[in-house]
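This report concerns only the one structure given below.
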Amino acid sequence: MIPAEFKYLFPSTVDEAVRMLAEEGEDAKVIAGGQSLVPVLRMRLAAPTALIDIGGLTELTGVRDDGDSLLIGAMTTHYEVQRDHLIHDHALLLKLVTDTVADPQIRHRGTFGGSLCHADPAGDLLAPALALDAVMIIAGPSGRREVSASEFFVDYFTTALAPDEILLDVRVPKYTGWGAHYEKLNRVAQAWSIVAVAAAVRVSDGVIAAARVGLTNVGSGPVRAVEVESALVGLPATAESISAAAGRASTGDGYKDNLARVLTGRALTAAVG
Amino acid sequence: MTATAEPEVGKARLRKEDARLITGETRWTDNLQLTGMLHMAVLRSPVAHARITGVDVSRATAMPGVAVVLTGEDFAAEQGSLPCAWPITEDMKSPPAPALAVDQVNFAGEAVALVIADSAYHAADALEAIDVDYEDLPVVLDMEEALRDNDLVHPDLGTNRCATWIFDSAEAGAGTNVEDEIAAAEVVIERTFRQQRLIPAFMEPRSVVVDSSAGMFTVWSATQIPHILRWMLSAVTGISESKLRVIAPDVGGGFGGKLQVTPEELLCLLVARRMGRPVKWTETRTESMLAAHHGRDQVQKITLAARRDGTVTGLKVELLADMGAYLRLVTPGVPILGAFMFNSIYKFAGYRFECTNVFTNKVPTDAYRGAGRPEATFAIERMMDELAVELGMEPMKIREMNWIKHEEFPFTTVAGLTYDSGNYEAATARAMELFGYDDLREEQARRRADGSVVQLGIGISTYTEMCGLAPSRVLGALRYGAGGWETASIRMLPTGKVEVITGTSPHGQGHETVWSQIVADRLGVPFEDIEVLHGDTATSHKGMDSYGSRSLAVGGTALVQAADKVLAKARTLAAHMMECDEADVEFASGSFSVRGTSTVRALGDVVLAAHVAHDLPEGMEPGMDADATFDPDNFSYPHGTHLCATEVDTETGMVKIVRYVAVDDVGTVVNPLIVDGQVHGGLAQGIAQALYEEATHDEMGTLTTATFADYLVPCAADLPAFLTDRTTTPATSNPLGAKGVGEAGTIASTPAVVNSVLDAVRHLGVRDIEMPMSPERVWTALQGRPDPGAGDVAAGGLGSIDAQGGQS
Ligand SMILES: Cc1cc2nc3c(=O)[nH]c(=O)nc-3n(C[C@H](O)[C@H](O)[C@H](O)COP(=O)(O)OP(=O)(O)OC[C@H]3O[C@@H](n4cnc5c(N)ncnc54)[C@H](O)[C@@H]3O)c2cc1C
């Protein structure tokens, strides 16, 4: 890799990292796992003047139980998400989505928070974060703030993070006992999704009590299929209800519209189990 | 000397070169560090066609670490033209091909300026400070449009038509007139197929280091062709060939993509000469995809004439082949290599092949695994399926009734080649059995009847190819600029060890292992005692290098001949040492003996005697080395039967290969493990053409697949478990009986996959789907809509970011 020259900084606390970001100015960038940023650097699509490596901020790693929700550290790697018991028990959808991300080498370095901050509309973790009502906990020069996923993802590769802010944790409500599935269509194993659908469903006594559906790579950011969700509630968990509701995932007749409907149906069917 | 117990030939040995390759112990070209070495970076044109009206290097020259910035003007007087060794016709149009563009750029990615600096980082930084003014010219991308000559790639040539090359069986006396066959035919099928542009995508990017000292130039390059490179560099620069040494160290793959004399090799040499210091250039992946030659890119119009009973009678092939903007080493000849293969294993009465080569504003095309033969095999195997559909016949049956029967070999084809041997019946029978053909047909019928979402298809490819490039007189007749022989030397060292020198240039194939196996058997020396030297023009002074599945069939034969020369001399000396008549000397397991006696001399003792030369027969020269050069008098013709079952998800268009059987007949096998490896890798690349890979350009001529995020090379997880087996019908054109296996998998597999996908959805009204058969293309075809093209669905990730030229 032959990137443009940059300064490399390695803070040991969040406060130090925030201060460095402010001092280095607009052209400084946080580097987490580097799995998206390094390709951008190597192609010289961006030339940040300073990289602030948050790999030393151990408090940003791991998953904590916070009562009704989980707190996932931004620096938790995909590999750790895949193996975490709290995530398995209370946010199964995140594990299933992460299983499909890239390959083992990349999952050992790439981070949960980095994926969300990078905000590639084809990235797999945006849609489930949106569908599961995740909340981003952010640190900046003027302290901490919380931003809901629906406000966090702004546009292609653009989030609500200011250049001098760092994502610390992601709060995800517990979905204990929900069925989940991620239906991803990609052409080769390590290609990004053409379209993918993340679904979580709570079924009680054969009836769909609640549903969450998020779509990957159908727009400039993740899309929540609210119409599908609301159409499902109260219906029996059968193939007929699912197929009728899945039809609302999109109204167009293009290829991706078709995929949105087909994959939504498949994701829901698998999530219901 | 220990006797080798079991024969080496046929043994599935692990490759002796692998340890150093996979542990990173070897030195690739880019690992070389020479004292005072400078680094070269190349500024590439972001536009496909433009006049250069100004280049300002002043800012770049002042940047840290920069030694000099050079433009086309600086080299105009000395760079000459990059060589094209294959002027296919007398009147072929060939534009000058400068290594560094002087006043015009003709493809996006063409080299425009060089920064020479003290580090690769400084060189890359300074690239961004060079200002080039371009005055846009109209961009010519589509071949049919190009042939209208409205806009010209090279205005000086007056046309975009490079050459037209024709083979006609009636004119050649090899068959009837195809127009008569078409006129008389009961069935005529006409189809047009597109061979998309592919990128060779070798693992090790290209890299060159040139050292000049004391009037001698040493060139290290990640190349397949060190010998040809030396010759051509000398021809272009005027540097005496004897002052040029080319070394291809371990090279990480080529697939034809490193069968080239590249602009960057020439430029490194010129810069080293100018600066008097060593220079290194190593490309990035994106640079490789933009500027290294591409492969395929043809439009094939095929007309097949047949009788209603299924007998084929005539085949007419009309090709357009995209040369790109320049003619590189063998660019114009690649489609011509297919001319002899469209008729394949079938007995056509009349055949005509006409290929028009066309210039466009794209990176030049050239050899890519199979070179001309995959295109031919694809077209004929697709057509055999089309004929079967048209006549309502079983596709294997129609092939069988038309192919050359085992007892008909040797067989001279309508294209004028003589196939020496083959057994299509045996390979097919084995493949059908492994595949479970009848069961799969039943399953297919069941799914069709059920209207299953996931349909099943079966695809066949009964292929042959021509390998062992090449008889020199044939190359001469085709106007190729060099011969096709190969050479080998054996040096018997006084300690009994053996050095084998080969003119082939392995770049991943495992020649060191295989050549050792051959010599171990021939001379009865242990495998471990043999060292194979290659890829350095100072140790291996002559050779024609590696491509076209030639190394074993041609280079291996030279090796056998050299070993036989060693043995012949050793036999004479052994007779002298054992004081017997030479006719009474027997040789087995590395030892000479006198027939009917217990007198024995190990080969090692004889070699030592030759070396010390204390007592040699009258007139015998000291030493026990031998050289041999072999020029084949025919090609070799591997063949086989490949069967592919795919599942097509009719709701998403996704294709999944569920079973793949390859039964290949590559003649005698020296190392089955290596042969399997070649087949597996070949299959992966052929399948990739069918389903995944395509180099695409936007309307401005910018390559839109310049990273591995956009150019989809499959990995193990995307491919099925391959069921492979072999039949063995030895080649008669060389003493090993080997035919070559480097390209078989690639050549055979593409049509097997495409035929299979079409077979799965044909009953739903689909007649054809372009390659690569992406899910979007398959789904769109199922909707009865026109082909959506390749680039409609961004791959996401890096693919969402435009990979403009790899530089900002
Ligand atoms: C070959 C390949 C295949 C891939 N396939 C997939 C796939 O199938 N699906 C998928 O979803 N992803 C895929 N990825 C992307 C991968 O998931 C990345 O790991 C992820 O997108 C980014 O995480 P990271 O930790 O590496 O972030 P980095 O690359 O370090 O950073 C990415 C961006 O986020 C910013 N950033 C990171 N962390 C923070 C933070 N805590 N606060 C503020 N800003 C921050 C950085 O400044 C940068 O702009 C793939 C990557 C590669 C190289």
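Here B:70, B:38 are screened, and the one residue that is outside the structural domain of residue B:153 (by TED's automatic domain parsing) and touching an Asp or Glu at 6+ places or on another chain (Cβ under 8 Å) is B:38. Of the residues making up region A:1-39, just one is near the ligand (Cβ under 9 Å from one of its atoms) and at pLDDT below 95, namely A:39. Confirm whether residue B:752 is at pLDDT 95 or above and surrounded by 24 or more Cβ atoms within 10 Å (Cβ to Cβ). Yes; evaluated as a whole, the condition is true for this residue. Criterion first (of a type in the set (S, T, N, Q), surrounded by fewer than 24 Cβ atoms within 10 Å (Cβ to Cβ) and modelled with pLDDT under 95) does residue B:213 satisfy it? Here the answer is yes, as residue B:213 does meet what is asked. Checking each residue in region B:711-739 for being within 16 Å of the ligand (Cβ to nearest atom) and farther than 17 Å from residue B:773 by Cβ picks out B:715, B:716, B:717.
Considering (1) in a strand (DSSP E or B); (2) more than 8 Å from the ligand (Cβ to nearest atom), the lone condition that residue A:129 does not fulfil carries the number (1).
Per-residue answers, yes or no, for (1) closer than 26 Å to residue B:770 by Cα; (2) hydrophobic (A, V, I, L, M, F, W, C):
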{"site": "B:673", "(1), (2)": "no, yes"}
{"site": "B:676", "(1), (2)": "no, no"}
{"site": "B:679", "(1), (2)": "yes, yes"}
{"site": "B:682", "(1), (2)": "yes, no"}
{"site": "B:685", "(1), (2)": "yes, no"}
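I'd like the full set of residues that are aliphatic (A, V, I, L, M), surrounded by fewer than 18 Cβ atoms within 10 Å (Cβ to Cβ) and out of contact with any strand residue (DSSP E or B) (no Cβ under 7 Å at 6 or more places or on another chain), limited to region B:179-210. B:183, B:184, B:203, listed by residue number. In region B:138-166, the residues that are without any contact (Cβ under 8 Å) to a residue 24 or more places away in the chain form no Cβ pair under 7 Å with any partner that is part of a helix (DSSP H, G or I) and buried (at least 17 other Cβ atoms within 10 Å of the Cβ), whether six or more places apart or across chains. Of all the residues in region A:48-97, those that are near the ligand (Cβ under 9 Å from one of its atoms), in contact with a Leu (Cβ under 7 Å, 6 or more places away or on another chain) and in a helix (DSSP H, G or I) number 3.
Checking each residue in region B:282-313 for being of a type in the set (Val, Ile, Thr) and either in contact with a strand residue (DSSP E or B) (Cβ under 8 Å, 6 or more places away or on another chain) or part of a loop (DSSP other than H, G, I, E, B) (or both) picks out B:282, B:284, B:299, B:302, B:303, B:311, B:312, B:313. With respect to residue A:260, determine if the residue is in a helix (DSSP H, G or I), of a type outside the set (Lys, Arg) and farther than 29 Å from residue B:712 by Cα. Considered against the rule, which asks whether it is in a helix (DSSP H, G or I), of a type outside the set (Lys, Arg) and farther than 29 Å from residue B:712 by Cα, residue A:260 comes out as no. Do we find that residue B:371 is hydrophobic (A, V, I, L, M, F, W, C) and within 32 Å of the chain's Cα centre (by Cα) in this structure? So residue B:371 passes the test.
Selection over region A:101-111 of residues that are near the ligand (Cβ under 6 Å from one of its atoms) and within 14 Å of chain B (Cβ to nearest Cβ) gives a count of 4.
Tell me which residues, restricted to region B:474-498, are in contact with an Asp or Glu (Cβ under 8 Å, 6 or more places away or on another chain) and surrounded by fewer than 17 Cβ atoms within 10 Å (Cβ to Cβ). Answer for region B:474-498, where residues must be in contact with an Asp or Glu (Cβ under 8 Å, 6 or more places away or on another chain) and surrounded by fewer than 17 Cβ atoms within 10 Å (Cβ to Cβ): B:483, B:493, B:497. When residue A:83 is tested against (1) on the phi > 0 side of the Ramachandran plot; (2) among the basic types (Lys, Arg); (3) within 19 Å of the chain's Cα centre (by Cα), exactly one condition is not met: (1). Within the option set A:114, A:123, being within 14 Å of chain B (Cβ to nearest Cβ), near the ligand (Cβ under 10 Å from one of its atoms) and under 22 Å from residue A:15 (Cβ atoms) holds for one residue only, A:114.
The values are calculated or read from the model by the stated rules, or taken from the named source; none is laboratory data. Here the structure is a predicted model, which means the values were calculated and not measured. Neighbour counts run over all protein chains shown; Cβ positions are idealised from the backbone, glycine included.
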